[in-house]
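Asker: Structure below; questions to follow.
Please treat every number below as a calculation from the coordinates, not as lab data. This is a predicted model, so every value here is computed, not measured. Virtual Cβ from ideal backbone geometry, glycine too; neighbours counted across all protein chains shown.
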Amino acid sequence: MAGGKERELRRRIESVQNTKKITRAMELIAATRVVKAQQRAREARPYAEQITTVIENLAAGGAEIDHPLLRQAENVERVGVIVISSDRGLAGPYNSSVIRAAERQVQNARSEGADYSLIVIGKKARDYFAFRNYTVESFTEGISDNPTYEDARRIAETVATLFTDNHIDRVELVYTEFLSIGSQKVATRRFLPLESTETIATEGSGDSKNTDSFEFEPSPEAVLESLLPRYVEARLFGALLESAASEHANRQRAMKSATDNAEDLIVKLDREMNRARQDAITTEIMEIIGGAEALGDDDQREDLVPAGAEN
Amino acid sequence: MTFQVELVSPEAITYSGEAEMVIARTLEGGDIAFQPGHVPFIGVLAVWSVEVIRPDGDRDVFAVHRGFVQVAGTKISVLSDVSEKSSEIDVERAQQAKDNAEQKLSQNDEDIEAVDALARAELRLQVAGV
């Protein structure tokens, strides 16, 4: 029967419209989340900055100790790779690019003749590495959306313990830097061993211009010893927050283009459907005319086809 | 004369304001009070309270866990994992945490986490004035 194609297209349009509703909702949700995540990343900055300032002042005060987190291994036998991905997909290239960068780090480690340990955050990266038979040393899920400091502390502690136990000799952190709402990029940073306090100090924001000598209690070394783990946690926390903001920004972008594509598709399918409908009508008319002609008589034909009913 | 006080946690700045004096307790060092003009100072804080005495004479008391204090010029910042204002402490929850920790300790008195948890819960209760 004529109209079969039309019905099929109508169904298709409906389904695209439903998809569009979903992607549109996801886009809006991601848009509000990215603002929140961005704000959290901003709010967390003072702490990280102040800790760096304290380290600066410690370095200026001449505190230089042999802390386990500063241990520079002469021979790197095992490299830890922390990778921050998301639990959920539909975030454009967000996961694949961070996973690719992490895999590159693993390959680098192998080409240096070292073994690797993957510390994975987010289901997506776990799935990827598990599927390819990489061994995953530690896996955390359910936090990448909205990480808390407690999460960062737990993971940082795990990593720091692996490091201080000489299980791993170097740790790379692979995450997505949030530059602005329109631009995020994958970053690979040396996580451990920490640079010497002097290097941290010169890399810092440098808002402490005072050269006064500080008093330390209990002692510069003791302060540094309890400060360095905090510094490690704060760095991981910062990376988690930036990754979360990047994830939402990427999802918003991906869902926006999905919504736009759905709109284009609907317009296209609408045209196609209208054409199919017109074709069906034309065919029907032709059939009627054909039938009337077959009956032969001119008078009868005029009755059957009123004027202006070609379409 | 006053100075600027900031309590900073990893998630946000939790308190910011003017103060005449700040009293804290450092690890091994005991109680220490800072007034404007104090020499630059960096210290590790004990799990203890931090008292901020405001110019109008009122005092704000905070429970601080795992923190540092830095005094530089006219600014004093307290960096800590947790800083809770006395009025915002959930007494019931703190009591519960204390009971939990005590129970754990009665089973295993070398449970470091429980020892920490107990210290934190006791501090909370003390700061909240129970």
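Asker: Is it true that some residue in segment B:30-42 is crowded, with 20+ Cβ neighbours inside 10 Å, assigned to a strand (DSSP E or B), away from chain A (no Cβ under 14 Å) and not small (Gly, Ala, Ser)?
Answerer: The answer is no; no qualifying residue exists.
Asker: Right, next: Within segment B:80-130, track down each residue that is farther than 20 Å from B:Glu51 by Cβ and not in a helix (DSSP H, G or I).
Answerer: Within segment B:80-130, B:Asp90, B:Asn108, B:Asp109, B:Glu110, B:Asp111 meet the criteria.
Asker: Can you pull out every residue in segment B:43-68 that is within 13 Å of chain A (Cβ to nearest Cβ) and among the hydrophobic types (A, V, I, L, M, F, W, C)?
Answerer: B:Val44, B:Leu45, B:Ala46, B:Val47, B:Phe68 - these are the residues of segment B:43-68 that are within 13 Å of chain A (Cβ to nearest Cβ) and among the hydrophobic types (A, V, I, L, M, F, W, C).
Asker: Of the conditions (1) within 29 Å of B:Gly17 (Cβ to Cβ); (2) under 15 Å from the mean Cα position of the chain (by Cα), B:Ala117 satisfies every one except a single condition; which number is it?
Answerer: Among (1) within 29 Å of B:Gly17 (Cβ to Cβ); (2) under 15 Å from the mean Cα position of the chain (by Cα), B:Ala117 violates only (1).
Asker: Separate question: On the given criteria, is A:Arg230 crowded, with 19+ Cβ neighbours inside 10 Å and within 14 Å of chain B (Cβ to nearest Cβ)?
Answerer: Working: crowded, with 19+ Cβ neighbours inside 10 Å: yes; within 14 Å of chain B (Cβ to nearest Cβ): yes.
It is true that A:Arg230 is crowded, with 19+ Cβ neighbours inside 10 Å and within 14 Å of chain B (Cβ to nearest Cβ).
Asker: Give me the pairs, please: first residue somewhere in segment A:168-181 and at positive phi, second residue anywhere and crowded, with 22+ Cβ neighbours inside 10 Å and in a strand (DSSP E or B), beta-carbon distance under 6 Å, and either six or more positions apart or on two chains.
Answerer: Between residues of segment A:168-181 that are at positive phi and residues that are crowded, with 22+ Cβ neighbours inside 10 Å and in a strand (DSSP E or B), there is no close pair.
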